[in-house]
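One structure below.
The values are calculated or read from the model by the stated rules, or taken from the named source; none is laboratory data. Note that the structure is a prediction, hence the values are computed from the model and not measured. No Cβ is skipped: glycine too gets one built from the backbone with ideal geometry, and neighbour counts run over all protein chains shown. Calculation scope for accessible area: heavy atoms of the full protein, side chains included, ligands and nucleic acids excluded. Shrake-Rupley method; radii C 1.70, N 1.55, O 1.52, S 1.80 Å.
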Amino acid sequence: MNVFDSLLPAAFPALALAHFLALLSPGQDFFLIAAHALRHRLAGSVFICVGVAAGNAFYIALATLGWSGIRDWPWLMATIEVAGALYLLWVGWQLWRVPSTELQLNAGSGKVPGIGRQLFLGLNSALLNPKNALFYMSLMAVILGAEVTPQQQLFCALWMVMVVLLWDVLLAALIAQKRLLAVLQHRVYLLERGAGVMLMGLGLGLFVKLAATD
């Protein structure tokens with residue numbers, strides 16, 4: 001057995017597949033990245049992807065360290081859900097308020113968000129999504145189980161973080177393609193507002209869920 005084989009747990013294919021299928025489902029991260037890639041290209045969205053990956057890495061680290069007991073703290077999960085809902089409403093409202101300006105294909109449109117703001121948006125999107133915490137803890141506990149070694153856990157954690165980062169950057173790069181932007185040139189603000197509506201809808205959905213569980 002070589003070193004690489006020793007890093008792969010038997011359940012790695014199932015883990016990798018389940019994780020990637022989850023990435024295919026559009027969520028708040030997708031709409032946030034898409035809206036910024038449309039308006040600001042890759043330069044204005046790539047560090048949002050980095051922030052999203054960092055937020056995912058935080059919850060993956062918690063799951064790897066065995067802190068699954070967070071699920072037994074209803075007040076903590078409720079706090080994350082409320083903060084996440086408020087954040088989604090705020091970001092969605094910002095996208096809804098974008099001006100009805102035509103996209104400039106040669107130079108982008110509007111001031112490109114700085115690295116700090118992009119990281120802030122991406123990191124908060126991932127950290128304030130309670131589904132991330134529950135997903136990774138369930139994934140690591142149910143699929144990997146307790147038989148894996150620390151080295152195998154670390155390998156799986158690094159794998160998932162890199163897949164999140166590469167997938168989000170790929171999406172941003174594809175959305176920022178000039179051919180697509182040329183088609184959407186006169187309607188890009190409608191897509192941004194649509195993304196804003198989706199994010200606000202997700203935020204309101206969290207509040208409805210919280211109200212239903214009280």
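At full extension, LEU166 and LYS111 could sit 17.3 nm farther apart than now, given 0.36 nm per residue minus the alpha carbon distance. Accessible surface comparison of HIS19, HIS40, probe 1.4 Å, protein chains only, largest first: the order is HIS40, HIS19. Accessible area of ILE48 (1.4 Å probe, protein heavy atoms only, ligands and nucleic acids ignored): about 0 Å². Using the Cβ-Cβ distance between LEU204 and THR149 with R0 set to 41 Å, the FRET efficiency works out to roughly 0.40. Counting only protein heavy atoms and using a 1.4 Å probe, the accessible area of THR213 comes to about 100 Å².
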